[in-house]
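The structure under discussion appears below in the form of structure tokens.
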Amino acid sequence: MEGTGSKNIVHRLLPNPFTLLSNKNRGTAPACEVCPTTDFERVVAHGGQDPENAYDKKLKRALASKKYSHKYKLQQHKYVEHLEAKAKALQTEIAIKVPRIKYVECHRSLLQVENGTLKQKLNTCSGEKSFKEAQYAELKKEKDELKQLYAYQQQMRLNLHKMNFPFGSS
């Protein structure tokens, strides 16, 4: 931004202080009071500051302000672009994850149905197991009774056989 072109722009923005103090604006003031001829007179006439130096300071401030404003606008633009990119990335992520979520929810509901079916089967099998255990216990009891009866009958036969054949052949 340094150079003659940018200096001309600032000259157009900030009026020359010497053009504001003309005889026409000040009335009957002599020309020497308005525009001092020597450097010393200029410094004294403007309260100890060189008017060109003051003008240069104003010019530098204006340029610095413009530069800062431009830099700030660029930062804002960059931040907005960053936010837009982030929003676009999040939208893409949403577009990818929404079908996955729907699939997982559907799969979960199928698994819940399967879980319910398996619980019913488990309850049925548990009931059948209890019934079979009771049946087994009853059959075992009956078997033991039959064994005892058989053993008793065998003993009775042996005793009967001994009575029929007390001395003899077995």
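FYI, it's all coordinate maths here, none of it is from the lab. In this text the structure is predicted, and so the values were computed from the model without any measurement. Note that we place each Cβ from the backbone using ideal geometry, even for glycine, and neighbour counts take in every protein chain shown.
Okay, here's what the table says:
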quantity: For A95: the one exception among (1) among the aliphatic types (A, V, I, L, M); (2) without any contact (Cβ under 8 Å) to a residue 24 or more places away in the chain; (3) surrounded by 10 or more Cβ atoms within 10 Å (Cβ to Cβ); calculated: (3)
quantity: Test for K102: is it of a type outside the set (A, V, I, L, M) and in contact (Cβ under 8 Å) with a residue 60 or more places away in the chain; calculated: no
